[in-house]
Every structure is written in structure tokens, then in C-alpha cells.
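Written below as C-alpha cells is the structure these notes are about.
The values are calculated or read from the model by the stated rules, or taken from the named source; none is laboratory data. Everything numeric here is computed off the predicted structure, so don't read it as measured data. FYI the Cβ positions are ideal-geometry reconstructions off the backbone, even for glycines, and counts take in every protein chain you see. Note: areas computed on protein heavy atoms with side chains; ligands, DNA, RNA excluded. Shrake-Rupley method; radii C 1.70, N 1.55, O 1.52, S 1.80 Å.
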Amino acid sequence: MAGPSDPYYVTTPIYYVNDSPHIGHAYTTLACDVLARFMRLDGRRVKFLTGTDEHGQKVEKSARAAGKDPQSFTDEVSQNFRALAQVMDFSNDDFIRTTEERHLRACQAIWRRLVERDQIYLGSYSGWYSVGDEAFHAESELTRTPDGRLLAPSGKEVEWVEEPSYFFRLSAWQDRLLAYYEANPDFLAPESRRNEVVSFVRGGLKDLSVSRTTFRWGIPVPDDPEHIMYVWLDALTNYITAVGFPDVDSPEYRAFWPADLHMVGKDILRFHAVYWPAFLMAANIPLPKRIFAHGWLLNRGEKMSKSLGNAIRPADLVQRYGLDQVRYYLLREVPFGADGYISHETMVARINSDLANDLGNLGQRVLSMIHRNCDAAIPTPGTLTAEDRALLEQAAALPAQLRADYEMQAFHRALEATWEVVAAANRYVDEQAPWVLRKSDPARMATVLYVLAETIRWIAVLSQPVMPKAMAALLDQLGVPAEARDIAALDERLAAGTPIPKPSGVFPRFVEEEAAAD
Ligand code: MSP
């Protein structure tokens, strides 16, 4: 397992700019944001990359439909994805656009490496291509609609393509890919997706067409600019562009490559788990350590997309429910990896029970009692009882548990474990009844409130990755200084006598009438 000072490099897919950002895109980036924030909290040096995929026929078509040239179109729409980072409070360290100069350089360099290593040859392609997926499909994969149109497995239309093309010798990598999956069981996750990839590769790989000549919007093939590089080879390369490739001696590349994690949706796993590792092996570049394919967020049973007209805008959700509430809900409600439904009802249930009742009330009750009964300062504890120690020990077990969960991208488990401590703290308040102790045994009351404040501090520090703003507010109210909010600082107990401000609730209840009024 990685140590605290190890670098951590996590990437999101780069998003096609023909779509405007919806909650599905936000979901992927949110997961990466939480990992990045957790690793930083744990003292690791983090690079968190996201960006936009701007080349290819699909984007070219959208630009044309918008009556714009592709460059000004992509300049404009990639801003929407930058803006998403503001809306969702994403902490990415870099934002890559595939139309940048650094990316052109990296793509041409990887192409040259592949040519030098005899991995690419000139031929001609004839077959089916889906612009929607930017993918080639075998005839056997297609289905015919009642009105005679042919569709790719994704439901996107295909068209017949016949043109000169460079090919990558993908077929030569089948056995080495299988051997790699076998030797590195954590490389692909979750397990069920890994099995799908393995059986796909076992089924046989054909050489892959990696250039097109019938459109211009992309990266020219070095020394043969009639050809434009296949948009997936271009797009996947972004992960190494961002760490300085082809300058493999640069400090960034040395620190961060191979990446710790490529997070992707299940729809694009094949590109990441088959093509990308094959390109990298063929170019003699180390492989990323792990690829995790999460499920889809479904709206009324369908994957969200602009074309289906069922996309939920992140800004609308945030405005309605609150930012940290949305961040919490998305990672808590759906076990990460599986498909999941999101709905107003389950959102409200989570907000009102987990956040407002369980954590919010706990904080508010404890802080108000301290403010009122302990001269608005963290009280001085006396000797700890077995019950006090049990609660504190349960909180102290969280960092190891969360490290393990986040290492496996098990967000829901990390949150579940944290909320077990929240529940234990709530039971402890009820059992110890500090409001009774106020009269009968003020010294014991001070100890109980101290133990609770301390437990809330652990919960708040460790929940910052998911709910940065709300947890910052809670830590402010506990009087925890800004420089003492990382995992290393947890071992240092709250200083008795630290003044605390008058508390105010961090998680308001969601009141249905207000929602109905708008
Ligand atoms: N441009 C490619 C990726 C290239 S990566 C080298 C692409 N872009 S995309 O914008 O169409 O989708 C990117 C990702 O958005 C998906 O893989 C998935 O992670 C996420 N999602 C899009 N819709 C989603 C849902 N409805 N639910 C969950 N995630 C979704 O593919």
C-alpha cells in the first residue's frame, strides 16, 4: 500500500465538448475530486487532471451545426466544463484541452515511437464507423432497426467508411494484454468489468485503424498530414501529455507517471483497458496502475445525455439542494461501480436523515451545549471512562479504514464507516445525557462534551474530501485552526480552553413546501 508521501496521479476522462456538462459528467469528476482531496489530506502530493476532448468528427459536426469553425466552437464550449469545476468545487490541478500545443507534441511523439517500433503500417479500412462513439464496429456487433438503420451496441448510428488508413498492430498484443491482466489483478476494477474485458480480449483482437483521411479536425499524422490521427489515440494520450511527455525526464513525468488511477465510465472501458495499455506497451511506456469503470447514473432508467433530452444540469441540483448535499448524495446513494437511479425523494431522504438529523444535529447539539455551558470554549476533560475511550477509538480507526476504501474507490463504504461513528456518537450523547450532568456532575459533563467535540473533529476532518465547505464550517465552529485539518493533525487532541464561536447549523433540513413553490 502507498505511503503518505507518495505522489498520487488521478485522471478523469476528457469530455467531448459537443455535450454540455450534465450530472453524469460531474459524477465522474466528483469521484476523482474526492480521491484527490483525500490523498492531499493524507499528505500525498497529488496531481488531479481533467479536461476536454476536442477533436474528431463528432465535434467537427457539432461545430458545423452551430455555424462555427471548430477552433472557436471548442474554445467556447470547453469553458462550460471549466465552469463545472466552479459549480461543483472541483480541485483539479490541471485542465487539459486536446487542441493545446503541448498535446500535439505528445501525440506526434507517441505516434513516432510506434512507427519506430514497427507498430503501425499503412493499409486501407473499409467497415462501419460510429461517429457518436468515435469507434469502429464489426458487422456482427450491429443491430438493425425496424426502419432499416444499422446501430452500434451503444444505440448510435453507424456509417460505411472506406479510405486509406494507418493500422496499429493491436492483434499482436492480445497475449501480452491477457498476461498483464492475469499478473495484475487490481489493474481493472470492478471485478465484473474486468471479466468482461478479459473475455473480449480472449475473443481475439484485430488490428486497429488509427488514422482517417475524410475529415480534417484533428492531429495530423507526422510525415503524412493527409491522415488525421484516430481521435481515441489522440484523446488517450492526454494522460501523458499532462505530465510532460515526451519529456520523460521532467520532474512531473518522473513523479506522476504511471498514473495511480484512470477513472472512467463503463461505456469507455474498452478504450482504456485494451487500446490504451496496448499503445503504451507498444511504445514502451509504463502502464497506469489502475482503471476503474463506474456505472451510469440513470434518469428514469436511461443514461443521461443531451440527445435524449433527459440531462440533469449540475448547477440546477446544487441550487436546489446545496453543493455539499449533492456531493454527499451522489457518492453515498449509489454503490460506486454499479448503475444507479437518482431521484428527488432519495436525495431529500439523505439530506434530512444522514446530514440534517444525524451529523447536523449532533454538531449543533454538542456545540450549543459547549457554547452555553462551558463559557464558549472547549472544556477540560477529566479521567476517561471505558465508554469515552470506546467512542474515541472508533473514530481513531477511521483513517485506516478510509485509506483502504478510497484505495479501492469504495466511496459508499467510506461514508458508511464514517456514519457508523456518527451513529455511535449520537447513541453516546443519549446515554451520557450531558444535559442531566449539567446539574448533577458538571465535571463529567465537561468530559462528555470534550469526547463528543473530539469525535466530531475526526468526522469533520475526514469528511472534508466529500463536503469541503460544510466541514470547513464545522471545523471553524470547533475552533480547529486551518493548519490542523489534515490526517496527520488528527493525533493532536483539541486544546481545552480554545474559544468557539456561537454555533449555527451546517445542514438545514430540506423543506418540501419550498421546493413545490418554485
Ligand atoms: N471523450 C471521451 C473520453 C475520452 S478519455 C481519453 C468520452 N467523453 S464523454 O463526454 O462522452 O463521456 C465521458 C464520461 O462521462 C463517461 O465515460 C462517463 O464517465 C461520464 N458519463 C457520461 N454520462 C454519464 C452518466 N449518465 N452517468 C455516469 N457517468 C456518465 O467518452
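Condition check: more than 30 Å from TRP296 (Cβ to Cβ), among the hydrophobic types (A, V, I, L, M, F, W, C), more than 21 Å from the chain's Cα centre (by Cα) and open to solvent by less than 20 Å² (accessible area, probe 1.4 Å). Does LEU391 satisfy that?
yes
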Response to the item:
Of THR28, THR52, the only residue that is out of contact with any Pro (no Cβ under 7 Å at 6 or more places or on another chain), under 22 Å from ALA135 (Cα atoms) and of a type in the set (Val, Ile, Thr) is THR52
Worksheet item: Which ones in segment 48-66 are of a type in the set (A, V, I, L, M, F, W, C), near the ligand (Cβ under 10 Å from one of its atoms) and open to solvent by 10 Å² or more (accessible area, probe 1.4 Å)?
Response: none
Worksheet entry | Sole residue being in contact (Cβ under 8 Å) with a residue 60 or more places away in the chain and in a helix (DSSP H, G or I), chosen from LEU362, LEU384 | LEU362
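Of all residues in segment 1-47, how many are aromatic (Phe, Trp, Tyr) and within 11 Å of the ligand (Cβ to nearest atom)?
Total meeting the criteria: 3.
Take residues that are of a type in the set (A, V, I, L, M, F, W, C) and in contact (Cβ under 8 Å) with a residue 24 or more places away in the chain and tell me which of the helices (runs of 4 or more DSSP H) falling wholly in segment 50-162 contain 3 or more.
By residue number, 70-88, 101-116.
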Fill in: Matching residues, segment 183-200, being over 20 Å from the mean Cα position of the chain (by Cα) and either among the basic types (Lys, Arg) or under 14 Å from ILE268 (Cα atoms) (or both)
GLU196, VAL197, PHE200
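If you go through segment 131-149 one residue at a time, how many are surrounded by 10 or more Cβ atoms within 10 Å (Cβ to Cβ) and either farther than 13 Å from TRP232 by Cα or among the aliphatic types (A, V, I, L, M) (or both)?
Count: 8.
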Response to the item:
Expected single match for within 14 Å of the ligand (Cβ to nearest atom), open to solvent by 10 Å² or more (accessible area, probe 1.4 Å), in contact (Cβ under 8 Å) with a residue 40 or more places away in the chain and within 18 Å of the chain's Cα centre (by Cα) among LYS266, LYS289 is LYS266
Discussion item. Of a type in the set (Ser, Thr, Tyr) and within 24 Å of THR214 (Cβ to Cβ): is that true of SER78 in this structure?
Written reply: no
Worksheet, complete the sentence: Filtering segment 451-479 down to residues that are open to solvent by 10 Å² or more (accessible area, probe 1.4 Å) and over 28 Å from the mean Cα position of the chain (by Cα) yields GLN477, GLY479
Worksheet entry | Pick from segment 246-263, criterion surrounded by fewer than 21 Cβ atoms within 10 Å (Cβ to Cβ) and part of a helix (DSSP H, G or I), ranking: farthest from the ligand (Cβ to nearest atom) | PRO251
Response to the item:
Within segment 277-286, residues surrounded by fewer than 23 Cβ atoms within 10 Å (Cβ to Cβ) and either within 12 Å of the ligand (Cβ to nearest atom) or without any contact (Cβ under 8 Å) to a residue 60 or more places away in the chain (or both) come out as LEU280, PRO286
Practice prompt. Could you run through segment 207-228 and say how many residues are assigned to a loop (DSSP other than H, G, I, E, B) and either under 16 Å from ASP53 (Cβ atoms) or open to solvent by less than 10 Å² (accessible area, probe 1.4 Å) (or both)?
Written response: 5
Practice prompt. Would you point out which residue out of ILE370, ILE291, ILE342, ILE378 is closer than 22 Å to GLN86 by Cβ and of a type outside the set (D, E, K, R)?
Written response: ILE342
Practice prompt. Could you list all residues from segment 378-417 that are over 22 Å from ASP486 (Cα atoms) and among the small types (Gly, Ala, Ser)?
Written response: GLY382, ALA386, ALA390
Item to complete: Considering each residue of segment 229-245, count those that are open to solvent by 10 Å² or more (accessible area, probe 1.4 Å) and within 8 Å of the ligand (Cβ to nearest atom), and give that number.
Response: 1
Item to complete: Please state which of the following conditions ASP339 fails to meet, knowing it meets all the rest: (1) within 14 Å of the ligand (Cβ to nearest atom); (2) open to solvent by less than 20 Å² (accessible area, probe 1.4 Å).
Response: (2)
